[in-house]
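Just so it is clear, none of the values below were taken in a lab; they were calculated from the coordinates. All values reported here derive from a predicted model rather than from experimental measurement. Cβ coordinates were reconstructed from backbone atoms using ideal geometry, including for glycine residues, and neighbour counts include every protein chain displayed.
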Amino acid sequence: MRLLPTLAALSLLAACDQALTKTPDYRPQDAGSVDRALCLLGFSAVPVTEVLTGHHLVEAVVNGRKGVFVLDTGANISTLHAPLAADYKLKPALGGLMPAVGVGVGGAQKAGVWTLDSLTIGGIAIRQTRMMTADLTPVVRMLSPLAPGKRVDGIIGQDVMKEHRGVIDVAKPILYLIAEDKDPAPVDAAESCTGGAAAASGTE
């Protein structure tokens with residue numbers, strides 16, 4: 001996973017208390033733009049925050065509780081920092097503990113498997129009923145100081161991205177997801193592809 005090799009660099013930046021907060025320039029009404037092309041295929045835009053290391057943070061609501069998570073396409077399973085399981089009202093899944101493989105926490109340790117009542121990202125209901133927990137202390141300690149007023153609570157991984165056909169435009173930055181359980185397909189542009197930055201932020 002790509003997150004761990006950056007931890008040494010993060011330690012040099014931990015004193016920085018500033019995030020690179022960009023307002024997403026979401027323009028699905030512009031012909032020929034990536035925004036319009038993806039919008040016409042049914043993708044919804046979710047704004048993300050880029051921090052000084054280049055990592056992207058996204059807000060998610062887990063069982064009704066809002067938190068900040070790292071987008072990590074190298075993590076095969078979305079994972080919550082283990083001490084926060086009760087705060088997010090997770091319920092133990094059948095099987096309890098399992099070896100952690102590829103969740104970006106490194107080393108040989110146990111990871112809990114928990115059931116979810118709900119998970120939403122950018123107002124999109126995520127079709128997921130389980131989440132792992134693991135000790136993400138290095139991630140939390142290193143990335144949280146780079147996002148003022150926020151605490152990084154976990155990782156959004158490949159499971160969410162695959163289920164919702166996730167696309168990340170790292171330059172803007174914007175995360176695109178398809179809400180419905182279907183392949184990308186043309187939509188009614190007159191109804192769906194007229195918003196701007198406010199639409200991406202959910203404030204329109």
Taking the highest mean first, how do the peptides 144-155, 30-41 order by number of other beta carbon atoms within 10 angstrom per residue? 144-155, 30-41
Quote the FRET efficiency, to the nearest 0.05, computed for LEU41 versus SER118 with a Förster distance R0 of 30 Å and r equal to the Cβ-Cβ distance. 0.70
With label points set 7 Å from each Cα along the Cα-to-Cβ direction at ASP181 and ALA86, the distance between them in nm comes to 3.4 nm
Given a Förster distance of 25 Å, report the FRET efficiency between SER33 and ARG165 from their Cβ-Cβ distance, rounded to the nearest 0.05. 0.85
